[in-house]
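Encoded as structure tokens, the structure appears first; notes follow it.
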């Protein structure tokens, strides 16, 4: 199923501490801050120049199925995404590729509090209800210890490792059964 055919946006998803919701115009400044952060860019190819982002980011950023803004106490702290993985990229669990791929980025001030795992678990639960039985994949640099710990906490299991973007990548898969086991 294409994420573009999923009913969007869902009602906001609330967890113990967070709200996941569709992006709005008021999120633009926080998302520019997120993508311009050198710390955030460490394992994803680097930060983007702020002036470039100011020109490129639309008034309502990330408005697409599978793009959730993460809020803590009404402040944006990051995003969690579920997008179709390009079948031409390395790594796959379905013969044809094109799996849903989980991504998450948080502002450095939100690191170390378990928010990434909490938000990603909520997004995975939503996905499991919306697209039952479909696997989700995740790719992260093996050097990104924090992301590796989040993947393990969420129940992703290693499928393969490969070299891409000048670094070793960890490729894992998750299924709704992993959610039930938590």
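Note on the stretch 92-116: among residues that are more than 10 Å from the chain's Cα centre (by Cα) and outside any loop (DSSP other than H, G, I, E, B), the one that is nearest to residue 82 (Cα to Cα) is 100. The requirement of being over 26 Å from residue 128 (Cβ atoms) and out of contact with any strand residue (DSSP E or B) (no Cβ under 9 Å at 6 or more places or on another chain) is fulfilled somewhere in the stretch 63-73, by at least one residue.
The residues listed here are 6, 19; of these, the one that is farther than 23 Å from residue 165 by Cβ, in contact with a strand residue (DSSP E or B) (Cβ under 6 Å, 6 or more places away or on another chain) and surrounded by 14 or more Cβ atoms within 10 Å (Cβ to Cβ) is 19. Within the stretch 112-148, being free of Cβ contacts under 8 Å to residues at least 60 places away in the same chain and closer than 23 Å to residue 30 by Cα holds for 112, 113, 114, 116, 117, 120, 146. None of 66, 62, 46 is modelled with pLDDT under 90 and closer than 28 Å to residue 5 by Cα except 62. Within the stretch 73-91, residues that are surrounded by 21 or more Cβ atoms within 10 Å (Cβ to Cβ) reach partners that are part of a loop (DSSP other than H, G, I, E, B) with beta carbons closer than 7 Å, at six or more positions or on different chains, in the pairs 77/107; 78/107; 79/62; 82/66; 85/97; 85/98; 85/99. When restricted to residues that are touching a helix residue (DSSP H, G or I) at 6+ places or on another chain (Cβ under 8 Å), in a loop (DSSP other than H, G, I, E, B) and closer than 29 Å to residue 146 by Cα, the stretch 22-59 contains 7. Checking each residue in the stretch 6-21 for being modelled with pLDDT of 95 or more and part of a loop (DSSP other than H, G, I, E, B) picks out 12, 15, 16, 17. Looking for whichever is in contact with a strand residue (DSSP E or B) (Cβ under 9 Å, 6 or more places away or on another chain), modelled with pLDDT of 95 or more and closer than 26 Å to residue 167 by Cα here; the options are 80, 76. Which one fits? On inspection, the qualifying residue turns out to be 80.
The values are calculated or read from the model by the stated rules, or taken from the named source; none is laboratory data. Worth saying up front: this structure is predicted, and the values here are computed from it rather than measured. When we count neighbours, we look across all protein chains shown, and the Cβ atoms used for this are built from the backbone with ideal geometry, even at glycine.
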